[in-house]
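Colleague: Can you read through this structure? Questions will come right after.
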Amino acid sequence: MYGPVAIRASFIEQVTARALARWLSARPDCAGLHLFHDLGGFRDVSGHGYGPVSLGTANIDHVVLSGGRWLVIDAKATAAGTLTTDDRGRGILIEPDGDHRPEPWLDNTKMHSAAAVLVRLTGLRGWPVWVTPDATRHDPQVLKARAFRHGGTICTIGEARDGDLDQLLPVPQPPADPAIVAELARYVTHPD
């Protein structure tokens, strides 16, 4: 049985998936881009000159793949408010009533392990992106959180839908290699 937090997280992942599909479908190079959802089972993944890395039971919410690079996208079911960091550099959400709530995902580097898996599978470089609901604002201080120390971008679902991620995946992109598409497809945990 799923609790309210898991149901909200699943809903935000689905809304993010639709937003990404809408963004990509509006691009002139969309035929060569591939969008994957809910990838998992990454154990001892090596390749392209890199040693093995595992994600344990963690999954990757979404991957956008071109022939030149990838974006690894983590949908976050944050509440209304403003994401920022506290005076110790820890991630928090300042709720509309002024209360501060810890956001532990801002204090870890799990997305960079996901990025390491994609480098090994594709031989390409890419960029991590965190996507939050439109009711969540992002203070520039949030980029000082540990999650962003090695790079990354944060945007809202609406910004992703409306093409803000074109900055990270400029038009046009070369088409994705079919062999790499097939390799990533092996890790999709819930095929459509």
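The values are calculated or read from the model by the stated rules, or taken from the named source; none is laboratory data. The shown structure was predicted, so the numbers you read here are calculated from the model rather than taken from an experiment. FYI the Cβ positions are ideal-geometry reconstructions off the backbone, even for glycines, and counts take in every protein chain you see. We work out accessible area using only protein heavy atoms, side chains counted, and drop any ligands, DNA or RNA first. Shrake-Rupley method; radii C 1.70, N 1.55, O 1.52, S 1.80 Å.
Colleague: So which of GLY40, GLY32, GLY56, GLY67 ends up being over 22 Å from GLY123 (Cβ atoms) and open to solvent by less than 40 Å² (accessible area, probe 1.4 Å)?
Modeller: Values: GLY40 fails: over 22 Å from GLY123 (Cβ atoms); GLY32 fails: over 22 Å from GLY123 (Cβ atoms); GLY67 fails: over 22 Å from GLY123 (Cβ atoms).
When all the criteria are applied, what remains is GLY56.
Colleague: Could you check segment 21-69 and list, in sequence order, the residues that are touching a residue at least 24 places away in the same chain (Cβ under 8 Å) and among the polar types (S, T, N, Q)?
Modeller: SER46, ASN59, SER66 - these are the residues of segment 21-69 that are touching a residue at least 24 places away in the same chain (Cβ under 8 Å) and among the polar types (S, T, N, Q).
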